[in-house]
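Nothing in this text is a laboratory measurement; each read-out follows from the coordinates by a stated rule. The model shown is predicted, which means the values in this text are computed figures rather than measured ones. Glycine gets a Cβ as well: all are built from the backbone with ideal geometry, and neighbour counts include every protein chain shown.
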Amino acid sequence: MDLSSQQETFAVTTPLYYVNDLPHIGSAYTTIAADIITRFERMRGKAVLSITGTDEHGQKIERAAQSKQKSPQVYSDEVSAAFVALWEKLDIQYDRFSRTTAANHHAIVKEFFQRVWDKGDIYKSQQKGWYCVSCEEFKEERELLKGHFCSIHTNKQTEWRDEENYFFRLSNYQSKLEALYQAQPNFIQPQTRCNEVLNFVAQGLQDFSISRVNLDWGFPVPSDPSHTLYVWFDALLGYVTALLDPGAEPTLANALAKWWPINLHLIGKDILRFHAIYWPAMLMSAELPLPKVVFGHGFLTKDNQKMGKSLGNTLDPVALIDRYGADAVRYYFMKEIEFGKDGDFNETRFIDTLNADLANDLGNLLNRTLKMALKYGYTNIPNLTCETIADDNPLKIAGVILGEKVAVAYESLCFSQACEIILNLARTGNKYIDDAAPWTLYKQGKQQEVEEVLYAVLESVRLAAYLLSPVVPNIANKIYKQLGLPADFHNKNQISTELAFATHANWGILSGENKLGEPQPVFQRLEAR
Ligand code: MSP
C-alpha cells in the first residue's frame, strides 16, 4: 500500500525569481523561509512539496539579455542555473524547480487561458498608463515619485504606454474577492498586509491588461498571436506547472490532481497584489480552488532602501555563504528580522549574533558538558530517562513544553520567535550548570546528582538542536553526532520517519545507549574583518 497517499499534503512556494540578474540575498531570504517550513512540515509527518523556480519571460528579461548581447533563452539558462547553484549552497530542500520557459508550462498556460477566455473574462481594449519594467506593472500616477520614477525601483523611470491590449475582467471579481477575504481572514498574512489589500480593493478594482504588443519574449496570446501574454499571467501559472510529476502529460487535470490547492505562497510585500488579488481572481475565473495562505514578508534593506538588482545595493549571498557558511546566513536572517517586517543587514550585528547564540550559548554548552562527562569517565550518556529526572529540574520543566511552543511559532511563521525560545533553553542550560556546579558535586562523590546535571544539559542541547534543525541543519547534524545519535537532517526521508517530530521534539529521548562522541566546536566563532 502506498502510505504517502494517506498523508496530509502541504505544498509551499517561493516566488519564481526573475532572471534579469544573478540571485541576491533578497531572493535567498524567501527561499530560506520556505525551506524552514518545508523541513518543519516534513518533521511533522506531512507529505511536502516545496516549489521554487525562475520567471523568465517579459520585457525586463528581454532587455537584460540584450544588454549582455545574449539571446533571452541563453541568458535565462545561465541565470536560472545560478539560482539552482545557490539553493544547493544554502542547503535548500526543494522538490520542484519551475521554469516558465519549460515546454510543459506553455501547455498549462494555453489551457488555463482558454478557460478564462471561455468564461468571457478576456477582452481587447486600449491601455494607457505608466509602466515600470522593473516591476513589470502599470502604475497609478499617484503611486509614482516625482519625474514618474517608480517608488520601489527609485532609480527607474516608468514609461508611458498607449497601446491595444487584452484585458482580464478583474472588476467582475470585486465582490467575490471581498467575500473571500471575509470568509478566510487568514488568507493574507500578516495582518498589516491584509489591511493593505483590503484598502486597495475597497477603492474599486480595475481590469488589468494581460497582453503586450512589441514584445517577443513570451508566449503568444493563444487567440491572437500578434500579442504576447503579460509576464505575470504566465508566471503565476508556473506554480501550477510545478505540480506536474516529471514526465506527466501537461494538463491542468494532471497538475492539480495531488498537491492543489497550494497551502502557502511565500512572497515579498512588493508582489502582494499579484498574489492576493489578481491570482485568486484568475483562479475564480477558471473555476479552480484557491490557495490557502499568501504571506507577504518585508524587505531586506540597506540604508533603509530595498536591496535589489535594480538599485544595485545588494549583498552577494555566495560570498556571504563562502565566508560564514550556510547555517550562519540562514540563522541570521531568520533570527534577527521579524518575518513580515523590514530589516537592515549589518555585518557587526551578524557576527555578534552568531557568536553569542550559536558559538557560545548553544555550541559551548555542548562542548563543555561533553568534555566534563568524558573527564568524569563516562563513555555514554548517563543512563537516565525523563521519568527519573526530578520534576522540578528547570531544564525538564522548560524542555517538556518546548516542542509544542516551537511548533506554534513555526506554524505561524514566527521564525525569530522560534529561534529565541529555543535559544532560551540553551541559556537556561548554561545558568543551570553554573548553579548546579557539577564539578563540586563530582568532588563530593554525588554521582547521581552529577548524572542528572549531565543528562539534563545534554538532552536539552539535543532538543534545541532538533528544534533548530529546520534553520541550521548542519549544526544539528554535528550536535546529534556528538551525542551518539547519528542523523542526517539533509535526508528528506529520514526527517519524516526516524527523525519525526512526534518522537524527537520530546524532552528525554537520550538514553544510556547513546555513546558520547568526540567534543568538537559545532560552530566556529566568527571574526570581524
Ligand atoms: N518574478 C516575480 C515573481 C513571480 S511569482 C509567480 C518577481 N521576481 S523577483 O525576482 O523580482 O522577486 C522575487 C522575490 O524576491 C519577491 O518576493 C521579492 O519581494 C523578493 N525580494 C527581492 N528583493 C528583496 C529584498 N531586498 N528583501 C526581501 N525580499 C526581496 O517579483
Open item on the list: Looking only at the chain, where both bridge partners belong to it, what percent of the DSSP beta bridges are antiparallel (to the nearest 5)?
Closed with: 50
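Net charge within 12 Å of Asn263 by Cβ-Cβ distance, Lys/Arg positive one each and Asp/Glu negative one each, not counting Asn263 itself? Don't skip to the end; give the middle numbers.
Working: positive: Lys46, Lys292; negative: Glu8, Glu41, Glu411.
Cβ neighbours under 12 Å give a net charge of -1.
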- [ ] Please work out the Cα center distance from region 5-57 to region 272-305, rounded to the nearest Å.
- [x] 15
TODO: Using only Cα atoms, tell me the angle between helix 415-436 and the longest principal axis of the chain; keep it within 0 to 90° and round to the nearest 10.
DONE: 10
Task: Distance in nm between pseudo-label sites at Phe200 and Gln7 (7 Å out along the Cβ direction from Cα) - done: 3.5
- [ ] Under 4.7 Å Cβ to Cβ, no partner at all: give me those cysteines from the chain, in residue order.
- [x] Cys194, Cys386, Cys414, Cys419
Open item on the list: Of Gln7, Leu483, Phe97, which is farthest towards the positive pole of the chain's charge dipole, taken about the Cα centre with +1 and -1 on the beta-carbons of Lys, Arg and Asp, Glu respectively?
Closed with: Leu483
Task: Zone residues, region 424-450, relative to Ile401, backbone N less than 20 Å from point 7 Å out along Cα-to-Cβ - done: 424-432
Open item on the list: Please compute the modelled spin-label separation between Asn383 and Lys341, points set 7 Å along Cα→Cβ, answer in nm with one decimal.
Closed with: 5.1
- [ ] Tell me the label-point distance for the pair Gln524, Asp391, using the 7 Å Cα-to-Cβ offset, in nm and rounded to one decimal.
- [x] 4.8
Task: GluC sites (Glu not before Pro) restricted to DSSP loop in region 102-210 with at most 10 other C-beta within 10 Å - done: Glu140
Open item on the list: Can you show me the helix-derived [θ] at 222 nm for the chain, built from DSSP H runs with n ≥ 4 at -39,500 (n - 2.57) apiece and divided by the number of residues, rounded to the nearest 500.
Closed with: -13000 deg cm²/dmol
Open item on the list: Loop only by DSSP, 14 or fewer other Cβ within 10 Å of the Cβ. Give me the GluC sites (Glu not before Pro) in region 316-413 that pass, ordered by residue number.
Closed with: Glu387
Task: Where a label projected 7 Å from the Cα of Asp95 along Cα→Cβ would reach, residues of region 266-282 with amide N under 20 Å - done: 266-267
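Pairs of Cα atoms under 8 Å, at least six residues apart: use those to get the relative contact order of the chain, whole percent.
On the way: 859 pairs, mean separation 88.1, N = 529.
It comes to 17 percent, rounded to a whole number.
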Open item on the list: Could you derive backbone 3J(HN,Hα) for region 474-487 from the dihedral phi with the Karplus parameters 6.51, -1.76 and 1.60 (θ = phi - 60°), listing whole Hz in sequence and x where the residue is Gly or Pro?
Closed with: 6, 5, 4, 4, 5, 5, 4, 5, 5, 9, x, 10, x, 8
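Starting from region 356-464, pick out the trypsin sites (Lys or Arg not before Pro) whose DSSP state is loop and whose Cβ has at most 16 other Cβ atoms within 10 Å. Before the final figure, lay out each step's value.
Details: sites: Arg368, Lys371, Lys375, Lys396, Lys405, Arg427, Lys431, Lys443, Lys446, Arg462; in loops: Lys446.
Hits after loop and neighbour filter: Lys446.
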Open item on the list: Rounding to the nearest 10 and keeping the result within 0 to 90°, find how far the Cα-based axis of helix 103-118 lies from the longest principal axis of the chain.
Closed with: 60
TODO: Determine the alpha carbon to alpha carbon distance for each of Lys46/Lys258; Lys60/Lys156; Lys269/Lys306; Lys60/Lys309; Lys292/Lys335; Lys110/Lys309 and list only those over 19 Å.
DONE: Lys292/Lys335; Lys110/Lys309
